[in-house]
Amino acid sequence: MPSAVYILGLSVFALGTSEFMLSGLLPPIADDMNVSIPQAGLLISAFAIGMVIGAPLLAVATLRLPRRTTLIALISAFGLGQVAGALAPTYEVLFVSRVVSALACAGFWAVGAAVAIAMVPVGARARAMAVMIGGLSIANVLGVPLGAFLGESLGWRSAFWAVGAASAVALAGVVTRIPRIPLPDRKPQLRREVAIYRDRQVWLSIVITALAAGGVFCAFSYLAPLLTDVAGLSAGWVPWVLALFGLGALIGTTIGGRVADAHLFGVLMSGISASTVFLVALALLASNQVAVVILAFLLGLSAFYTAPALNARMFNVAGVAPTLAGATTTAAFNLGNTSGPWLGGAVIDADLGFPATAWAGAAMLLLGLAAVAVSLRLGSGGTPSRRVAAGAPAHAVTGQPTDRTAGAQA
């Protein structure tokens with residue numbers, strides 16, 4: 001695996017820490033900004049929505065720009081967004097800084113995924129994506145708990161400064177380690193790129209990704225109150241259980257990345273099925289402290305075991321538009337990260353209790369399994385988009401780099 005792929009994983013660590021750390025910083029932010037907890041929670045929603053909208057928009061806007069230059073610009077903008085958040089004098093300024101950071105984060109994910117895919121052969125796509133997703137897993141294991149610790153010890157602004165520093169390190173890595181990847185001889189054409197959206201397999205991949213992510217985060221977003229109010233654990237246990245979920249995610253990403261290249265649909269079916277079983281068990285055993293802790297680890301493992309296959313599947317069916325494929329996957333994941341917690345909140349508002357979020361999440365995953373079955377029935381796992389493959393160069397369809405790209409990598 002090229003070292004540049006690991007630099008992208010390091011960058012994703014900074015991005016992921018910023019995206020998820022606010023879950024442990026809402027009370028101090030609300031107190032400092034003189035807003036309610038729900039208002040402070042809108043900062044999380046703003047980031048997720050910015051990711052959904054920003055990924056495809058920035059992918060289109062940067063379609064003909066050099067990949068390395070685009071990555072440098074985006075990670076720089078993201079770092080400046082963290083500095084702006086740390087210095088924000090008002091809630092409104094902090095809100096805008098989160099939107100800007102989300103847009104830069106979405107763009108970096110989309111372009112970074114395309115760059116990672118371009119630097120490896122087709123048979124290593126899932127492993128390359130596993131490295132990037134591994135950065136997100138480590139963010140959950142280390143970055144988010146560390147952000148909560150800094151927020152409690154030195155104030156919430158210190159967490160933003162820490163992510164800004166991590167972004168600076170990532171920027172240095174991108175500048176020094178990411179190779180110059182030439183634009184293809186044939187300039188990307190927006191009409192041909194967006195034609196992937198006329199392929200039903202692309203839309204099925206979007207649906208599968210959104211449901212797989214949404215089902216897990218429907219329950220995970222409310223894991224803290226389930227631990228304390230239903231299982232009866234003390235609040236001090238919450239960071240440790242969240243870190244255990246992140247550890248499972250890291251292990252799952254590693255395993256899934258190694259298996260998915262050879263057995264993509266097998267990973268999708270087994271991973272989503274396992275997550276469904278674990279959510280049902282969580283709903284049934286929510287009052288059992290030992291079971292809840294173990295299931296949190298297993299849920300992180302199964303969810304992120306599936307993630308590399310979800311990413312690789314989109315590149316398989318939309319390989320002729322790699323940047324837009326990466327952007328679409330990013331948007332699909334964040335669509336799930338937005339709709340899942342919303343459904344969980346609706347279940348709670350209906351007075352069905354915190355364990356009911358696991359039932360709702362399991363229902364979403366069952367729909368995801370049905371979509372996987374439909375996708376498998378319609379075509380093989382490695383089939384590129386039929387809408388655009390006919391007019392694309394051979395290297396674009398297969399995902400193999402051109403001779404010029406290979407030379408740049410060397």
From the phi angles alone, apply the Karplus equation (6.51, -1.76, 1.60; θ = phi - 60°) to segment 193-204 and give each ³J(HN,Hα) in whole Hz, x where the residue is Gly or Pro. 5, 6, 5, 4, 6, 8, 9, 5, 5, 5, 5, 5
Identify which of 206, 49, 133 has the largest mean-square fluctuation in a Gaussian network model of the chain, with springs joining Cα atoms closer than 10 Å. 49
Using alpha carbon centers only, segment 336-373 is separated from segment 88-111 by a whole-angstrom value of 27 Å
Specify the angular offset, from 0 to 90 degrees and rounded to the nearest 10, of the alpha carbon long axis of helix 144-154 from the longest principal axis of the alpha carbons in the chain. 50 degrees
Let me check I have the definition right: for segment 255-295, take the eigenvalues of the Cα gyration tensor, multiply each by 5, take square roots. What are those semi-axes in whole Å, largest first? 27, 11, 4
Let me know the shape class of segment 148-272, please: from the alpha-carbon gyration tensor, a ≥ b ≥ c as square roots of the eigenvalues, rounded when a/c is under 1.5, otherwise prolate if a/b is greater than b/c, or oblate. oblate
Separation between the residue 34 and residue 291 pseudo-spin-labels, each 7 Å from Cα along Cα→Cβ, expressed in nm? 4.8 nm
Counting only C-alpha contacts under 8 Å and six or more residues apart, can you give the relative contact order of the chain as a whole percent? 25 percent
Can you work out the accessible area per residue across the chain, with the rest of the protein chains kept in place, probe 1.4 Å, in square angstrom? 39 Å²
Counting trypsin sites (Lys or Arg not before Pro) as exposed when in a DSSP loop with at most 14 other beta carbons within 10 Å, what is the longest stretch of the chain free of them? 187-410
From the list (1) 23.1; (2) 21.9; (3) 21.1, can you say which value of Kirkwood radius over Cα pairs in Å was derived from the structure given? (3)
Going by a ≥ b ≥ c, the root eigenvalues of the Cα gyration tensor, does segment 1-138 fall in the rounded group (a/c under 1.5), the prolate group (a/b larger than b/c) or the oblate group? prolate
Roughly what % of Cα-Cα distances in segment 287-363 sit above 19 Å, to the whole percent? 53 percent
First compute the accessible area of the chain with a 1.4 Å probe, then give the percent of it belonging to carbon and sulfur atoms. 69 percent
Residue 348 paired with residue 72, simple spin-label distance in nm, labels 7 Å along Cα-to-beta-carbon: 4.4 nm
Decide, for segment 1-47, between rounded, prolate and oblate: order the square roots of the alpha carbon gyration tensor eigenvalues as a ≥ b ≥ c, take rounded if a/c falls under 1.5, and otherwise choose prolate if a/b is larger than b/c, else oblate. prolate
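The values are calculated or read from the model by the stated rules, or taken from the named source; none is laboratory data. This is a predicted model, so every value here is computed, not measured. Neighbour counts are summed over all protein chains in view; Cβ atoms, including those assigned to glycine, are modelled from backbone coordinates with ideal geometry. To get the accessible areas, we keep the full protein, side chains included, count just its heavy atoms, and leave off ligands, DNA and RNA. Shrake-Rupley method; radii C 1.70, N 1.55, O 1.52, S 1.80 Å.
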